[in-house]
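Every read-out reported here was derived from the displayed coordinates using simple, explicitly stated rules and does not represent laboratory data. This structure is a prediction, so every number in the text was calculated from the model and none was measured. Note that we place each Cβ from the backbone using ideal geometry, even for glycine, and neighbour counts take in every protein chain shown.
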Amino acid sequence: MTEKVKVRIDGEVIAATAGQTILEVARASNTYIPALCYMEGLSAVGACRLCMVEISGVGRLQPACTTPVQEGLAVVTSSPQLQAYRKIALELLFAERNHICAVCVSSGHCELQTLAQDHGVKYVRYPYSFPRLPIDVSHPRYVLDHNRCILCSRCVRACAEIEGAHVWDVAGRGTQSMLVSEMKRPWGEATSCTSCGKCVQACPTGAMAEKGWGVEEMTKHRTTVSRLTSMREGS
Amino acid sequence: MTRITIDHVTRIEGHGRITIQLDDMGKVCDARFHVTQIRGFEKFTEGRPYYEMPSITSRICGICPVSHLLASVKACDEIMAVRVPSAAAKLRELLHCAQIVQSHALSFFHLSAPDLLLGMDADPARRNIAGLLEEHPDALRDGIALRKFGQQTIERLARERVHPSWTVPGGVNAPLDPQAREKTLAELPAAAAVVQRTLAMWKKTVDGFPNEIDAFSNFPTMYLGLVGPDGALRLYDGNLRFVGSDGAIVADQIRPQDYASYIGEASLPDSYLKAPYYRPAGYPDGIYRVGPLARLNVADRCGTPDADAELAEFRERYGRIVQSGFHYHYARLIEATYALERMQQLLDDPAILDTKVRAHAGVNSSEGIGVIEAPRGTLIHHYRVDDNGAITWANLIVATGHNNLAIGRGVLQVAQRFVDGNKIQEGALNRVSALVRAYDPCLSCSTHALGLVPLVLELRGPDGQVLDELATP
Ligand code: FES
């Protein structure tokens, strides 16, 4: 398992361990690759497609968060093509639901918003779909606004893998996909929810928030989830 | 039947239009003020957590976001059933006063001064900020400085000029920075001097507008405004009072929570703006006005020395109850005096620096009503929530709404005087829109700020054929 390999990231030769993903290796060597559905300490699912990279000899772009490194792998993490591609991915996220930063509790502390700013997304070139989506305010401490959910499933994994409660899942397919708590029960009635709030801390946008905070007030402790995993693994 | 329509083409949400109806003899027989705004607001906030209402509702208007914020957080305070810490209440009032100052400066100098200082019949090409710069550069500079003072105070308090997120249900989210207090205190005297100068100038100028004073909504109505327990002017907090056109108090010390027993809302067929009326008098007899002039008519006194002296002089000139809508301008300057004095009082109080500024609570009441005196008049936010705090129903009554009936009646009065026959003079067109601007409704004003009033006045025959057309260049 600890077989050492050498890979090239943006031309630089880097020593890595087989089984590590491109994203892990890149981060360890301080190379930035944008990522949204990836969260350190949780399994990787490759859902958001923001971490796409070019691999020499491979015709298609590959997600860095789920692609393991191999000896001799050469990766390009930034190129005009990748920039354009990531921008499209971000715009599609915005077009899919109702993201109104101006009135959002997480504005200024939102990973989606930050990435959009970093990628120069000033407007969205695709028609908005303006879905009518509910807001689940049934939990006494937390609120889930589907309008702001990007279906990254970080909450699903944080709840299942760290808290072990597995309250959350993604139900439905395609544009009908929705985050659901406990077989579509309102969150406040989910008996397996321990109200630990890890899902809220894991959420990259304002979709999950503590109740009572006004616009721009919901800051999250991003490292909580990752730190819990590393404590458990004793590293 | 011939119809003249004035279209305000504006870039902001809300769209105003004036229709003047001529009878077969070519005489004005009716006039209407139509508005399209805030449609569907109640619908799209349904299901949202109540504490998001301040940020959402403050987006209704880009000119007075602080007013909506404050009315909204007050409604939310009630849903939480908390008492806002006293420093927070002071800070909110301070923010509100700064907003009043900047808004009144905008209305007086930027929007109305071209008409007021250059004259209603001045060449439209020069009746704008540029013309003002040539002929009254000092007044223009004063206006800009006063507005800037208000804006900067808001920015210093809320760290944001537009749509501040500092004001939250339960209080404010950060205490006052002692440096911001020092800076604002240091700038206050200069701002007060601007208002004094402007008042002195206006007192010399105002009587040069006898026709406008005579014809701008110069008719009896009731007036509505907030007053303190002592009957003095209140802007941030107080109880509602109605006075009649003769100065008699019609209803007094109405708790904001009881507003619905006194204010009814009629839906008009040709406007999205509902027409509120004083319920006991019925519709449309219950016509009343709000805003700076109404507040001065309603209050026994201002409660600060300089403003009270100005108010006494104002009443000496025009009587205890001042009916002409043209005097909204004068009233704005008196209120700016009051707001600056009030800011001084609030900032002088060391308790304003207290760091306990926010009460936290969940949903403790299923209903919340917040009322404040916005720059343009009484603003009411009324929400109902379910047990989890999701909005189930919302109602907003904005200042321009309260004045709806009075503006319509005022337009008719002006039109009867200045529009005659099938020909329209530019001065007449401008007077009609100047009347609307005297009320400073939050539509149509932003375009005028640039000195461009894209108004179209159409004269149509019964068959729809355009007989005459006049457009501002
Ligand atoms: S971070 Fe790799 S696909 Fe989302």
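Could you tell me which of rounded, prolate or oblate describes the stretch A:146-216, using a ≥ b ≥ c as the square roots of the eigenvalues of the alpha-carbon gyration tensor, with rounded for a/c under 1.5 and, failing that, prolate when a/b is larger than b/c and oblate otherwise?
Rounded.
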Fill in the blank from the handout: Simple SL model, points at 7 angstrom along Cα→Cβ for A:Glu71 and B:Arg417; separation in nm is 9.7 nm
Problem - DSSP-loop trypsin sites (Lys or Arg not before Pro) across the stretch A:1-108, with at most 14 other Cβ within 10 angstrom - result: A:Arg60
Fill in the blank from the handout: Output field shielding_mean for B:385-397 (other chain Cβ, 10 Å radius) holds 2
Exercise for the section: Would you work out if the stretch B:36-446 is rounded, prolate or oblate? Take a ≥ b ≥ c from the square roots of the eigenvalues of the alpha-carbon gyration tensor; rounded if a/c is under 1.5, else prolate when a/b is larger than b/c, oblate otherwise. Expected result: oblate
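How high is the relative contact order of chain A? Use alpha-carbon pairs under 8 Å, at least six apart in sequence, and give a whole percent.
RCO, chain A: 19 percent.
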Exercise for the section: Obtain the nm distance between the two label points defined at A:Arg227 and B:Lys204 by a simple spin-label model: each point lies 7 Å from its Cα along the Cα-to-C-beta direction. Expected result: 6.8 nm
Handout entry: Kirkwood Rh in Å, taken over the stretch A:103-233 so that all alpha-carbon pairs contribute
Key = 15.5 Å
Completion exercise
Given a Förster distance of 56 Å, the FRET efficiency implied by the Cβ-Cβ spacing of A:Glu3 and B:Glu46, rounded to the nearest 0.05, works out to 0.45
Practice task
May I ask you to list the lysines whose Cα is less than 28 Å away from that of B:Lys90, ignoring any residue fewer than eight positions away on the same chain?
Solution key: A:Lys211, B:Lys74, B:Lys148, B:Lys183, B:Lys356
Problem - Overall form of the stretch B:162-221 per C-alpha gyration tensor (a/c, 1.5; a/b vs b/c) - result: oblate
Handout entry: Cα centroid separation, the stretch B:82-103 to the stretch B:204-283 (Å)
Key = 23 Å
Problem - From the C-alpha gyration tensor of the protein assembly as shown, square roots of 5λ in Å - result: 55, 29, 25
Practice task
Any chance you could list the semi-axes, whole Å, largest first, of the equivalent ellipsoid that the Cα gyration tensor gives for chain A, using √(5λ)?
Solution key: 31, 22, 15
Problem - MRE, 222 nm, helices only [DSSP H, n ≥ 4, -39500 (n - 2.57), over the protein assembly as shown, to nearest 500] - result: -10500 deg cm²/dmol
Problem - Dipole in debye (nearest 20) - the stretch A:4-78, about Cα centre, beta carbon charges: Lys, Arg +1; Asp, Glu -1 - result: 100 debye
Handout entry: Positive minus negative residues near B:Leu133 (Lys, Arg vs Asp, Glu; Cβ under 12 Å)
Key = -1
Exercise for the section: With a point put 7 Å past each Cα toward its Cβ, work out how far B:Ala125 is from A:Leu61 in nm, to one decimal. Expected result: 5.6 nm
Fill in the blank from the handout: Checking the stretch A:63-110 for GluC sites (Glu not before Pro) in a loop per DSSP with at most 15 other beta-carbon atoms within 10 Å yields A:Glu71
Fill in the blank from the handout: For the stretch A:134-235, listing trypsin sites (Lys or Arg not before Pro) in a DSSP loop whose Cβ sees at most 16 other Cβ atoms within 10 Å gives A:Arg141, A:Arg173, A:Lys184, A:Arg222
Exercise for the section: Could you work out the mean count of beta carbons from other protein chains within 10 Å of each residue's beta carbon in A:207-217? Expected result: 6
Completion exercise
The FRET efficiency for A:Lys184 and B:Gln257, from their Cβ-Cβ distance with R0 = 51 Å and rounded to 0.05, is 0.85
